[in-house]
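> Pasting in a structure now, in structure tokens, and then I'll have a few things to ask.
The values are calculated or read from the model by the stated rules, or taken from the named source; none is laboratory data. These numbers were taken from a predicted model, which means no experiment stands behind them. Here Cβ is always computed from backbone atoms with ideal geometry, including for glycine, and neighbour counts include all displayed protein chains. Only protein heavy atoms, including side chains, enter the accessible area calculation; ligands, DNA and RNA are left aside. Shrake-Rupley method; radii C 1.70, N 1.55, O 1.52, S 1.80 Å.
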Amino acid sequence: MSTKENLPLVLGVESTCDETGVALVRGHELLVDVTASSMDQHARYGGIIPEIASRAHLESFLPTLESALEKAGVELSEVDAIACSAGPGLIGSLTVGNCAAKSLASALGKPLYGLNHVVGHLAVDQLVHGEFPERFVGLVVSGGHSNLLLVNDIATDIVELGGTLDDAAGEAFDKVGRLLGLPYPGGPHVDRLSQQGNPEAIKFPRGLSRPKDLKEHPYDFSFSGLKTAVARYIETLQKQGEELPVEDICAAFSEAVNDSLTSKAIAACQAHDVKTIVIGGGFSANSRLRSLLDERASAAGIEVRMPPLKYCTDNGAQIAALGSNLVAAGLAPSDWDFAPDSSMPLTETYIPGNRS
Ligand code: KG4
Ligand code: ZN
């Protein structure tokens with residue numbers, strides 16, 4: 001019988017975008033999670049600059065790794081397996097992280113798993129709330145994704161129910177933030193301001209919510225029409241020389257996004273007879289998403305698992321957590337020649353290999 005101590009120790013390496021993350025996980029226990037961010041270097045450009053992000057990973061990887069090992073009091077030789085994000089994400093950033101992880105795995109003679117960063121956003125919840133139920137609906141919401149997944153097994157069996165047809169939720173928030181002249185990334189600012197506004201003050205449209213759309217796209221989202229409606233509203237007031245009710249705009253916009261996300265997440269559970277929703281990704285830090293989902297799920301008798309805010313944005317813990325599931329499932333490691341996949345499908349938990 002395996003005890004906690006003899007479960008494999010998995011080192012996770014995250015490098016999909018602007019965060020260099022290194023973490024150590026044993027089973028569902030997190031030993032350490034260290035993150036270095038290059039966001040400060042991108043903020044003045046109003047968006048992530050891929051070349052800057054790649055270079056920052058190169059500079060940060062070894063110091064981040066050393067800091068994680070030191071904090072955990074672990075020697076590299078004690079690591080049993082290495083997991084790294086292999087996609088989806090920025091190809092240059094992924095390449096730096098994947099080369100670093102390959103070098104470590106090869107030097108240590110340990111198995112390497114190139115895995116799906118987005119699935120990691122769900123897996124991280126196990127480190128806080130423990131084992132997953134048999135099946136759950138995953139709502140992954142970030143700057144690049146807004147997807148509903150039916151997770152039958154986090155290591156091996158994920159069905160994509162739907163996703164955004166245009167902007168991701170975080171992306172839509174960042175764009176509205178830009179329209180309102182807020183600093184990049186706008187998401188957290190729009191969220192903060194929305195808490196002081198009246199969500200009923202302005203009626204903004206809900207994408208893909210008409211009966212015909214619900215039939216054709218029951219679990220898909222669309223936020224670009226909403227974003228355009230917000231832009232028109234702002235433009236009209238500005239032309240009339242009126243002051244912008246910034247808090248009300250943020251509140252009404254946030255309500256529209258979160259109404260769509262939460263109603264479709266609940267509908268997905270009901271249609272698939274699932275009793276648990278797990279949320280993940282940077283946008284899952286959104287205050288209205290959390291409160292509205294809580295409200296609607298408890299009314300429907302559905303449990304919601306939300307990772308704490310520090311595990312919502314990109315981190316090494318999500319990668320080590322998913323890696324730990326793959327190792328526990330006895331899956332073959334990725335082959336040494338795997339390449340990162342910037343558009344890795346969400347149904348692929350990792351890049352499978354043929355080695356035993
Ligand atoms: O998952 P993440 O860290 O990076 C990827 O996109 O992979 O997500 C970042 C996104 C950004 O668009 C950011 O504005 C948004 O998540 N975000 C938020 C909040 N916190 C982060 N959006 C709305 N409300 C928040 N509290
Ligand atoms: Zn992410």
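> Can you give me the Rg/Rh ratio for the stretch 132-310, using Cα atoms for both radii and the Kirkwood formula for Rh?
0.98
> Moving on. Using a 1.4 Å probe on the protein chains only, how many percent of the accessible area of the stretch 132-310 belongs to carbon and sulfur?
Carbon with sulfur: 49 percent of the solvent-accessible area.
> Count charges around P133 for me, please; just the other residues with Cβ under 13 Å from its Cβ, Lys/Arg as +1, Asp/Glu as -1.
Residues close to P133 contribute a combined charge of -3.
> Working from Cα positions, state the angle (0 to 90°, nearest 10) between the long axis of helix 91-108 and the longest principal axis of the chain.
On a 0 to 90 degree scale, this one is about 20.
> Let me ask you something else. Quick one: net charge around N315, please, counting Lys, Arg +1 and Asp, Glu -1 for every other residue with C-beta under 11 Å from its C-beta.
Once all neighbours under 11 Å are counted, the net charge is -3.
> Considering all projection directions equally, how large on average is the shadow of the alpha-carbon convex hull of the chain, in square nanometres?
For the chain, averaging the hull's shadow over all directions gives 18.3 nm².
> May I pose another question? Please compute the length gained on full extension between L62 and D273, using 0.36 nm multiplied by the number of residues separating them and subtracting their Cα-Cα distance.
That pair, L62 and D273, stretches by 71.4 nm at full extension.
> Using a 1.4 Å probe and ignoring any ligands, DNA or RNA, find the accessible area of S106 and quote it in Å² to the nearest 10.
S106 has an accessible surface of roughly 80 Å² with all protein chains in place.
> Also, quick follow-up: Under the 0.36 nm per residue contour assumption, what length would be gained going from the current alpha-carbon distance of E51 and D335 to full extension?
The span from E51 to D335 would gain 99.5 nm if fully extended.
> Let me ask another. Can you give the translational diffusion coefficient of the stretch 239-356 in µm²/s, computed by Stokes-Einstein from the Kirkwood radius over Cα pairs at 4 °C and 1.567 mPa s?
74
> Quick query: amide H of D335 versus all other amide H atoms, modeled in the peptide plane; which residues come in under 5 Å with a sequence gap of 5 or more or a different chain?
Residues meeting the amide H criterion: G353, N354.
> Any chance you could give the angle, 0 to 90 degrees and rounded to 10, that helix 224-239 forms with the longest Cα principal axis of the chain?
Between helix and principal axis, roughly 50 degrees.
> So which lysines can K175 reach, going by Cα to Cα under 16 Å and dropping same-chain residues fewer than 8 places off?
Straight-line reach from K175, under 16 Å: K227.
> Any chance you could give the angle, 0 to 90 degrees and rounded to 10, that helix 50-72 forms with the longest Cα principal axis of the chain?
With rounding to tens, the tilt is 60 degrees.
> Follow-up. Can you give the Rg to Rh ratio of the stretch 27-173, both from alpha-carbon atoms, with Rh computed by the Kirkwood formula?
Rg/Rh: 0.97.
> Which GluC sites (Glu not before Pro) does the stretch 31-122 hold that lie in a coil by DSSP with at most 16 other beta carbons within 10 Å?
Filter output for the stretch 31-122: E75.
> Now, a different point. Once the other residues with Cβ under 11 Å from the Cβ of S93 are scored (Lys, Arg +1; Asp, Glu -1), what is the net sum?
Result for the neighbourhood of S93: -4.
> Straight distance only, please: which lysines reach the Cα of K310 with their own Cα at less than 22 Å, same-chain residues fewer than 8 apart left out?
By straight Cα distance, K310 reaches K71.
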